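The values are calculated or read from the model by the stated rules, or taken from the named source; none is laboratory data. Only a predicted model underlies this, so the values are computations on that prediction, with no experimental measurement involved. All Cβ positions, even for glycine, are placed from backbone atoms using ideal geometry, and neighbour counts span all protein chains on display.
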Amino acid sequence: MHAVRHFALGFGLVAVVVGIALIQGGLFNDGMLAAYGREFRNMTAGFNPDFSAFFRAPLIIQIHAGAAIAALGLGAVQMLAPKGTIPHRTLGYVWAALMVTVAFTAIFIRQINPGGFSFIHIFVPLTFFGLYGVITHARAMRGDKHRNAVFGLFFGALLVPGLFAFMPGRLMYQMFFGG
């Protein structure tokens, strides 16, 4: 029953964030959302990677993206690896440090809403609170709660915001689609 409640809360949070993104992007007028739709429809070149875009990006974005990609890979390995071992604990702290880096650097990235925070910055405090839960449950030997907190953080604070990185004009979009 707890898993259903956590899933519903997570789904509701993601729905709210996506709703804010759609409204901020111009859902009801010919704003950014319509421009993104046109951009995706007009992609005739398809997959046209430009990995040099990573090195042209500002340093803070390079650190953010690098830490996010590392956290994604390490998190996937951690979920498949044996639990409770010394390597699992050690790599767990490395993963937590990567997540802190991702969240902290996100504070300084303001290209979506120049000079201010945007809807995606809601994931910064969620990441910090989630990490607190992950570490607290692990130290208290509450394996089920620790696992749920890790899954919630991995999907809700890493994968979902990561999808926004593939919006036109953002670094991952430039790297993989050459835009």
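A few comments on the model shown:
- In segment 150-179, the residues that are under 15 Å from Gly66 (Cα atoms) reach residues that are at pLDDT 90 or above and surrounded by fewer than 18 Cβ atoms within 10 Å (Cβ to Cβ) with C-beta atoms within less than 8 angstrom, at least six apart or across chains, in these pairs: Leu158/Leu72; Leu159/Leu72; Gly162/Leu72.
- Of the numbered criteria (1) assigned to a loop (DSSP other than H, G, I, E, B); (2) of a type outside the set (Ser, Thr, Tyr); (3) modelled with pLDDT under 90, the one Met141 fails is (3).
- Of Pro125, Pro161, all but one fail to be surrounded by fewer than 16 Cβ atoms within 10 Å (Cβ to Cβ) and assigned to a helix (DSSP H, G or I); the exception is Pro125.
- Checking Gly92, Gly84 one by one, the residue that is modelled with pLDDT under 95 and exposed (fewer than 15 other Cβ atoms within 10 Å of the Cβ) is Gly84 and no other.
- The set of residues in segment 134-150 that are surrounded by fewer than 17 Cβ atoms within 10 Å (Cβ to Cβ) and not basic (Lys, Arg) comprises Ile135, Thr136, Ala140, Met141, Gly143, Asp144.
- Filter result for Leu27 (modelled with pLDDT under 60, over 17 Å from the mean Cα position of the chain (by Cα) and closer than 19 Å to His121 by Cβ): no
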